[in-house]
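**Student:** One structure, pasted below without further comment.
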Ligand SMILES: C[S@@+](CC[C@H](N)C(=O)[O-])C[C@H]1O[C@@H](n2cnc3c(N)ncnc32)[C@H](O)[C@@H]1O
């Protein structure tokens, strides 16, 4: 099918791989990478390996993310294909592509050393610290008038796509950290809201059934229900519910948490994430964006339905991560230390792990 669009209305998109370059494990030639993509004016997209009609890696709505197995070879291309309205798997439907460089395992050290890490090492080096000490300004804030805002002196964000168009959004980095540390809970019958990305990515072989809930029919959804009401959802059913980035879009948030608690099996676990510090608009979901929480309101909200001592609230981020998220910088633009330093006064991402009582 030949599609011709005025340029302004043409579908567009971008796909990124992280890390890139990636490093193979010692003695191996292939690596695993995380692909993330975002598109505009599309309904469905597919990621294909090697060619526009190569093997299917993932099929999603306009944006998505997946982590490959350790089968990505040096030079492998991934194509982001628009497949809305029957657009064929041909170069005409290619929105973007990314080439992944894979370095042999022995070079792993250099692979993970980003420019930000190098800069950080330099700033921590002895000569620099000595000079700072001489100036008597180590650790103290710059004087008024001496702050250099550089690229951040602007009134619009650097990305309006959460940083998806630059790499991995900062808040997604934290969501993945949380799920990685909660892997053991993702077992049995698992329900995920809006897709099965994280069930597939973080589950063990102890998942016996994976369900996807959506309020309206969408590809991949196996349960159609609105969590506000949820009367068609069976009680005491799921061993684990993954509700990442969901409850902030539900105005009747208490009703939604009540439903999530009711449909969990006794002893089952809810893994939920939502924003603390955040932009409050989104191209796709902005019209229903209702809430940000604080660690205190999160604890109180979930403790209305779960026993308070079964509600664990974790926060992620610091002032730099918060500013980076607001500006739309990607996680790859910060060093690991900058991302993982935890300042509880700047809760960029809030995560709740809540267990339903057994009796
Ligand atoms: C930003 S997406 C998050 C999707 C996915 N969990 C993730 O982390 O990428 C928000 C999700 O909340 C779902 N959602 C919004 N309101 C809902 C409601 N009332 N009941 C059930 N799901 C809802 C949307 O359908 C969508 O899948």
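**Student:** Identify, please: which residue in region 218-227 is without any contact (Cβ under 8 Å) to a residue 24 or more places away in the chain and loosely packed, with under 15 Cβ neighbours inside 10 Å and is, among those, farthest from the ligand (Cβ to nearest atom)?
**Tutor:** 222
**Student:** Let me ask another. Among the strands (runs of 3 or more DSSP E) contained in region 16-102, which hold 3 or more residues that are over 23 Å from residue 212 (Cβ atoms) and touching a strand residue (DSSP E or B) at 6+ places or on another chain (Cβ under 9 Å)?
**Tutor:** 76-82, 94-100
**Student:** Follow-up. Looking for whichever is out of contact with any helix residue (DSSP H, G or I) (no Cβ under 9 Å at 6 or more places or on another chain) and touching a residue at least 24 places away in the same chain (Cβ under 8 Å) here; the options are 45, 87, 33. Which one fits?
**Tutor:** Unique residue meeting the criteria: 33.
Residue-by-condition table, conditions (1) surrounded by 18 or more Cβ atoms within 10 Å (Cβ to Cβ); (2) not in a helix (DSSP H, G or I):
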position: 241; (1), (2): yes, yes
position: 260; (1), (2): yes, no
position: 269; (1), (2): yes, yes
position: 342; (1), (2): no, yes
position: 350; (1), (2): yes, yes
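**Student:** Being farther than 25 Å from residue 280 by Cα, within 11 Å of the ligand (Cβ to nearest atom), part of a strand (DSSP E or B) and in contact with a strand residue (DSSP E or B) (Cβ under 7 Å, 6 or more places away or on another chain) narrows it down to one of 212, 189, so name that one.
**Tutor:** 212
**Student:** Another question about this same structure. Quick check: is even one residue across region 283-293 more than 12 Å from the ligand (Cβ to nearest atom), in contact with a helix residue (DSSP H, G or I) (Cβ under 8 Å, 6 or more places away or on another chain) and closer than 17 Å to residue 171 by Cβ?
**Tutor:** yes
**Student:** Which condition number does residue 230 fail, the rest of (1) surrounded by fewer than 15 Cβ atoms within 10 Å (Cβ to Cβ); (2) within 11 Å of the ligand (Cβ to nearest atom); (3) modelled with pLDDT under 95; (4) more than 16 Å from the chain's Cα centre (by Cα) being met?
**Tutor:** Here residue 230 clears every test but (1).
**Student:** Ok, one more. Inside region 239-272, can you point out the residues that are touching a helix residue (DSSP H, G or I) at 6+ places or on another chain (Cβ under 8 Å) and either more than 14 Å from the ligand (Cβ to nearest atom) or touching a residue at least 60 places away in the same chain (Cβ under 8 Å) (or both)?
**Tutor:** Once the filter is applied, which keeps residues that are touching a helix residue (DSSP H, G or I) at 6+ places or on another chain (Cβ under 8 Å) and either more than 14 Å from the ligand (Cβ to nearest atom) or touching a residue at least 60 places away in the same chain (Cβ under 8 Å) (or both), region 239-272 yields 242, 244, 245, 269, 270, 271, 272.
The rows are residues; the columns are (1) under 13 Å from the mean Cα position of the chain (by Cα); (2) surrounded by 14 or more Cβ atoms within 10 Å (Cβ to Cβ); (3) in the same structural domain as residue 340 (by TED's automatic domain parsing).
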| position | (1), (2), (3) |
| --- | --- |
| 154 | no, no, no |
| 176 | yes, yes, yes |
| 179 | yes, yes, yes |
| 186 | no, yes, yes |
| 190 | no, yes, yes |
| 201 | yes, yes, yes |
| 209 | no, no, yes |
| 216 | no, no, yes |
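**Student:** Residues being under 20 Å from residue 278 (Cβ atoms) and touching a helix residue (DSSP H, G or I) at 6+ places or on another chain (Cβ under 9 Å): count how many of those fall in region 301-327.
**Tutor:** So the answer is 15.
**Student:** Can you confirm whether region 299-311 contains a residue that is under 20 Å from the mean Cα position of the chain (by Cα) and farther than 23 Å from residue 183 by Cβ?
**Tutor:** Checked against the condition, which is being under 20 Å from the mean Cα position of the chain (by Cα) and farther than 23 Å from residue 183 by Cβ, region 299-311 yields no hits at all.
The values are calculated or read from the model by the stated rules, or taken from the named source; none is laboratory data. The structure presented is a predicted model; accordingly, all values stated were derived computationally and were not measured. Glycine also receives a Cβ, built like all others from the backbone with ideal geometry; neighbour counts cover every protein chain displayed.
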